[in-house]
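Asker: The structure's right below; bear with me while I get my questions together.
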Amino acid sequence: MELHFLGTGAGVPSKTRNVSSIAFSLPEYGGRMWMFDCGEGSQHQILHTSLRLRKLEKLFVTHMHGDHIFGIPGLLASRSFQGGESPLTLYGPPGIQRYVDMSLSLSGTHLPFELDVVEMEDGMTVEDPPLTVHIGQLDHRVPCFGFRVVERDAPGKLLVDKLKAFGVPPGPVYRKVKQGETVQLEDGRIMDGRDFLGPVRRGRIVTVLGDTRRCDRAVTLAKHADVLVHEATYSEAERELARAYFHATAGEAAETAVEAQVSTLILTHVSPRYHEKEDVLLQEARRIFTRSFLAQDGSSFTVSRY
């Protein structure tokens, strides 16, 4: 799993940050790709990566503010020009269907692929084995959602030396053991495959939140996540301003990371007002949660399985 930050700014583009968009690539699952948000210019930003829009399967949109949706029509058109023919599902808040339909209709844009638009509700889940996406509404001035992506647990490592010591040579039986099945050997012995596997490998958890004030739902969505992507629109000096505009400070993002007991916090959605003084946001977060990082346009993060 890899997170590719296409746009990390808030509100409007700046000289160093485009508006919100994250690509989520899954090389271990056939090179599939999802996206979270699609601010203006996202179709251009993706050209600076090795990713291909024809691989895009799902687009999750946190809310209907322009810096998160203005890139959708162009991205859909670019996907068609780049040979994308497989179905694409777009998940977004109420109103996303009308926005997409009107944009494509008024611009005369024809899509050669099937586009399914799903308007989200608080508490819904999306199943796409081996991944499940849990969707929850956050605290913003318009309906805004966060996403908790949970990977299914994987069987433990096959204990080959233990199998050989038990007198089981390599062969088809290894596949059954790997699946944890009970196997009867040719000599009549019965073995429980689970006895020949290492500890179950916990599935990874990635949480991507939309714009939000600090709230309990953010903590729930982020609980024990390997990676939490959280907005950091303001510094601590402007905490009251952040609250008034339904946003969070870098320190509040770190407080959420501590309460949720996440492994890594990645800050994004940085206001242009912090151009050339962004380090203050990272310093404020790290005073509370050491493993904090500040995303930059073009940066990426690999979510390793432990």
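Asker: Restricting the search to region 28-41, which residues are more than 14 Å from the chain's Cα centre (by Cα) and without any contact (Cβ under 8 Å) to a residue 60 or more places away in the chain?
Answerer: Once the filter is applied, which keeps residues that are more than 14 Å from the chain's Cα centre (by Cα) and without any contact (Cβ under 8 Å) to a residue 60 or more places away in the chain, region 28-41 yields 28, 30, 31, 39, 40, 41.
Asker: Return the residue satisfying two criteria in turn: it lies in region 12-30 and is out of contact with any Ser or Thr (no Cβ under 7 Å at 6 or more places or on another chain) and assigned to a loop (DSSP other than H, G, I, E, B), and of such residues it is farthest from residue 273 (Cα to Cα).
Answerer: Within region 12-30, the match that is farthest from residue 273 (Cα to Cα) is 30.
Asker: Turning to a different aspect of this structure: Just one of the numbered conditions (1) buried (at least 18 other Cβ atoms within 10 Å of the Cβ); (2) within 16 Å of residue 211 (Cβ to Cβ) is not true of residue 72; which one?
Answerer: That leaves (2) as the condition not met.
Asker: For residue 277, state whether it is over 16 Å from residue 292 (Cβ atoms), of a type outside the set (Ser, Thr, Tyr) and either at pLDDT 95 or above or in contact with a Cys (Cβ under 8 Å, 6 or more places away or on another chain) (or both).
Answerer: The answer is no for residue 277.
Asker: Something else now. Does residue 44 satisfy the criteria of being in contact (Cβ under 8 Å) with a residue 60 or more places away in the chain, in contact with a helix residue (DSSP H, G or I) (Cβ under 9 Å, 6 or more places away or on another chain), assigned by TED's automatic domain parsing to the domain that holds residue 129 and not aromatic (Phe, Trp, Tyr)?
Answerer: Answer is no for this residue.
Asker: Select from region 94-110 the residues that are surrounded by fewer than 12 Cβ atoms within 10 Å (Cβ to Cβ) and assigned to a loop (DSSP other than H, G, I, E, B) and write down the one among them that is nearest to the chain's Cα centre (by Cα).
Answerer: 110
Asker: Next question, about the same structure. Out of curiosity, is residue 228 free of Cβ contacts under 8 Å to residues at least 40 places away in the same chain and either farther than 18 Å from residue 151 by Cβ or out of contact with any helix residue (DSSP H, G or I) (no Cβ under 8 Å at 6 or more places or on another chain) (or both)?
Answerer: no
Asker: Can you find, within region 10-53, the residue that is farthest from residue 145 (Cα to Cα) among those that are touching a strand residue (DSSP E or B) at 6+ places or on another chain (Cβ under 9 Å) and among the charged types (D, E, K, R)?
Answerer: Checked region 10-53; the qualifying residue farthest from residue 145 (Cα to Cα) is 52.
Residues are listed down the side, and each one gets a yes or a no for (1) outside any helix (DSSP H, G or I); (2) out of contact with any Asp or Glu (no Cβ under 8 Å at 6 or more places or on another chain); (3) closer than 25 Å to residue 213 by Cα:
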{"residue": "112", "(1), (2), (3)": "yes, no, no"}
{"residue": "127", "(1), (2), (3)": "yes, yes, no"}
{"residue": "149", "(1), (2), (3)": "yes, yes, yes"}
{"residue": "163", "(1), (2), (3)": "no, yes, no"}
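Asker: Given the criterion within 22 Å of residue 134 (Cα to Cα), at pLDDT below 95 and under 26 Å from the mean Cα position of the chain (by Cα), identify the matching residue among 210, 203.
Answerer: 203
Asker: Looking only at region 59-93, which residues are of a type outside the set (A, V, I, L, M), more than 28 Å from residue 270 (Cβ to Cβ) and either assigned to a loop (DSSP other than H, G, I, E, B) or touching a residue at least 24 places away in the same chain (Cβ under 8 Å) (or both)?
Answerer: 80, 82, 83, 84, 85, 86, 87, 89, listed by residue number.
Asker: Same structure, new question: Please work out which one of (1) surrounded by 17 or more Cβ atoms within 10 Å (Cβ to Cβ); (2) under 19 Å from residue 9 (Cβ atoms) is the condition residue 275 fails and give its number.
Answerer: Result: residue 275 passes all but (1).
The values are calculated or read from the model by the stated rules, or taken from the named source; none is laboratory data. Here the structure is a predicted model, which means the values were calculated and not measured. Cβ: placed from backbone, ideal geometry, glycine included. Neighbour counts: every protein chain shown.
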